[in-house]
1. Tell me yes or no: at least one residue of region 99-108 is under 13 Å from the mean Cα position of the chain (by Cα), outside the structural domain of I10 (by TED's automatic domain parsing) and part of a loop (DSSP other than H, G, I, E, B).
2. Select from region 78-92 the residues that are within 19 Å of P61 (Cβ to Cβ) and crowded, with 19+ Cβ neighbours inside 10 Å and list them in ascending order.
3. Could you count how many residues in region 9-29 are within 15 Å of P109 (Cβ to Cβ) and β-branched (V, I, T)?
4. Among (1) over 18 Å from S7 (Cβ atoms); (2) among the polar types (S, T, N, Q); (3) in a loop (DSSP other than H, G, I, E, B), which single condition is T96 missing?
5. Could you list, in sequence order, the residues of region 22-35 that are within 25 Å of F81 (Cα to Cα) and either of a type outside the set (F, W, Y) or in a loop (DSSP other than H, G, I, E, B) (or both)?
6. Could you check how many residues of region 77-112 are of a type outside the set (S, T, N, Q) and closer than 21 Å to R16 by Cβ?
7. In region 72-90, how many residues are over 12 Å from the mean Cα position of the chain (by Cα) and part of a loop (DSSP other than H, G, I, E, B)?
8. Can you tell me which of A19, A38 is within 9 Å of A51 (Cα to Cα), at pLDDT 95 or above and assigned to a helix (DSSP H, G or I)?
Amino acid sequence: MIGRLESLVIDCPDPRALARFYSKLLGLEIVGYDDDWAEIVAADGSRPIIAFQKVESYNPPQWPSQTVPQQMHLDVRVDDFEVAEAAVLEIGATKTGSETPTFRVYRDPAGHPFCLIMPSD
């Protein structure tokens, strides 16, 4: 091992707003923010953190088109698609209409795709 993952940094137009969205989605705490940066972390402070970095001329992904590639996405394991979908829509996600029996794709408020997953394992 060369090192340990310290953080995942996501570009966006509004770090504070995106931190609030992912805090609610993942049950993590916002531990710091300013106009250009925000961080969320597990309640026990364990790493890695998820950080959000302001980009002035932010161009959201155009998934599934690769005109502007998705850049990254998170898979979030859930127990019930209907309950989880209602919850993510309530906090600001949008549906993409792409789904299978094991995943559903949404966009966060900055346009990044993420998936709710229920693997068949």
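The values are calculated or read from the model by the stated rules, or taken from the named source; none is laboratory data. All values derive from a computational prediction rather than experimental measurement. Backbone-built Cβ (ideal geometry, glycine too); neighbour counts: all protein chains shown.
1. Scanning region 99-108, I find at least one residue that is under 13 Å from the mean Cα position of the chain (by Cα), outside the structural domain of I10 (by TED's automatic domain parsing) and part of a loop (DSSP other than H, G, I, E, B), so the answer is yes.
2. V88
3. So the answer is 1.
4. That leaves (3) as the condition not met.
5. Passing the criteria: S23, K24, L25, L26, G27, L28, E29.
6. Residues flagged as of a type outside the set (S, T, N, Q) and closer than 21 Å to R16 by Cβ within region 77-112 amount to 14.
7. Counting residues in region 72-90 that are over 12 Å from the mean Cα position of the chain (by Cα) and part of a loop (DSSP other than H, G, I, E, B) gives 3.
8. When all the criteria are applied, what remains is A19.
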